[in-house]
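What follows is calculated from the coordinates using simple rules that are stated; it is not laboratory data. Quick caveat: nothing in here was measured; it's all calculated off a predicted structure. Here the Cβ positions follow ideal geometry from the backbone for every residue, glycine too, while neighbour counts run over all protein chains shown.
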Amino acid sequence: MSVSTRVSIAWAPEFTASEPTDTLVLTGKTFFVDQRLLSPGANTAESKTKRGTVDWAFAGTRSAKDAEVPGHSYCSWTHLVSSRFTTAADECVDEGYMQPHPTDSELALETGAMAHPDSGVVTAYREVWRDEDAAVGDGVLFWECGDGKWEDRGFVGVIGGNALAVGRADGAFYTWRAKRGADGWEVLFESGGRRGWDLLGVDVADATVGGVVATGESGGQRWVCREAWAVESK
């Protein structure tokens, strides 16, 4: 389980590191939601206070297996819905190798290959990530709606006070990001609507994997709980 923000990405062959996005990823035991927003004036003061447009947002399932070296792992991410693919044939799987950063113990280094956002060609990459520790007792919830087809499928992930949604409704893409504060949940970004927002009112203690919640959006939405658990002490 992790709440991750990306520090930088570098693409082959030059591997020049930069961070043009504001990227947040919520990862559960099996499911994940990944939202990457273009930062206006990347790496400037403006980019820290104003979120831009969607660069890439996707969600699906994740698997991992330990590598030969302790603390290292092989991971794969299956994209089940995305801001980029528009047919079932576009569904893809990213593969990466996770390890501690060689010079900063607070960061993680991911290396692997995935579709380059400019060319669509699978290209080697290096990403640096920072993980935020969730508090003991924080709820972890992942929800899915739709019939399993790319054009009508959505995911909502909630870990503690962070929430992300990515999906499509009748082919139209939507995504949002929210943060919980003293006065409740605040929308930090939204595009295409706020489907699944009502799920933020569901407590992890009241959720059951496989259980269905009907939300009150226009037309109604039935969301199936895919993960429901509380963070335990290490």
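Remarks
- Positive minus negative residues near Ala228 (Lys, Arg vs Asp, Glu; Cβ under 15 Å): -4
- 3J(HN,Hα) along the range 91-106, derived from phi through the Karplus expression 6.51 cos²θ - 1.76 cosθ + 1.60 where θ = phi - 60°, amounts to 4, 9, 10, 8, 10, x, 10, 9, 7, x, 5, x, 10, 9, 5, 8 Hz, with x in place of Gly and Pro.
- Backbone geometry of the range 153-160 corresponds, through the Karplus equation with coefficients 6.51, -1.76 and 1.60 at θ = phi - 60°, to 3J(HN,Hα) couplings of 8, x, 9, 10, x, 9, 10, x Hz, x marking Gly and Pro.
- For the range 139-230: relative contact order, % (alpha-carbon pairs under 8 angstrom, 6 or more apart): 28
- Near the amide H of Gly193, within less than 5 Å, lie the amide hydrogens of Thr175, all on another chain or at least 5 residues away, with H placed in the peptide plane.
- Contact order relative to length of the range 2-132, as percent, for alpha carbon pairs under 8 angstrom and 6 or more apart: 23
- The string of couplings for the range 24-32 from the Karplus curve (6.51, -1.76, 1.60, θ = phi - 60°) is 10, 10, 10, 10, x, 6, 10, 9, 8 Hz, one whole number per residue in order, with x for Gly and Pro.
- Loop-resident trypsin sites (Lys or Arg not before Pro) (DSSP state other than H, G, I, E or B) in the range 96-169 with no more than 12 further Cβ atoms inside 10 Å of their Cβ: Lys149.
- Distance between the 7 Å Cα→Cβ label points at Ser8 and Ala124: 1.8 nm.
- Remark on Ala207: its backbone amide H falls under 5 Å from none of the residues 5 or more positions apart or on other chains, H modelled at 1.01 Å from N.
- Charge dipole (debye, nearest 20) of the chain; +1 at Cβ of Lys and Arg, -1 at Cβ of Asp and Glu: 280
- Relative contact order (percent, whole number), the chain, Cα cutoff 8 Å, 6+ residue spacing: 17
- Counted charge near Val212, where neighbours are those whose Cβ lies closer than 14 Å (Asp, Glu -1; Lys, Arg +1): -2
- Local net charge near Ala10, Cβ-Cβ under 13 Å (Lys/Arg +1, Asp/Glu -1): -2
- Per-pair calculated FRET efficiency, R0 = 30 Å: Asp104 and Ala205 via Cβ, rounded to 0.05: 0.25
- Non-local lysine pairs in the chain, meaning eight or more places apart or on different chains, with alpha-carbon distances under 30 Å, amount to 11.
- Separation of the His116 and Cys92 label points, Cα + 7 Å toward Cβ, nm: 1.2
- The residue among Gln35, Gly96, Trp11 whose Cα reaches farthest toward the positive pole of the charge dipole of the range 2-132, with charges on the beta-carbon of Lys, Arg, Asp and Glu, is Gln35.
- Of Arg222, Arg36, the sequence from fewest to most neighbouring Cβ atoms within 10 angstrom is Arg222, Arg36.
- What the Kirkwood sum gives for the range 139-230 is a hydrodynamic radius of 13.1 Å, with every pair of different alpha carbons counted.
- Coordinate range along principal axes, alpha carbons of the chain, Å, largest first: 49, 41, 37
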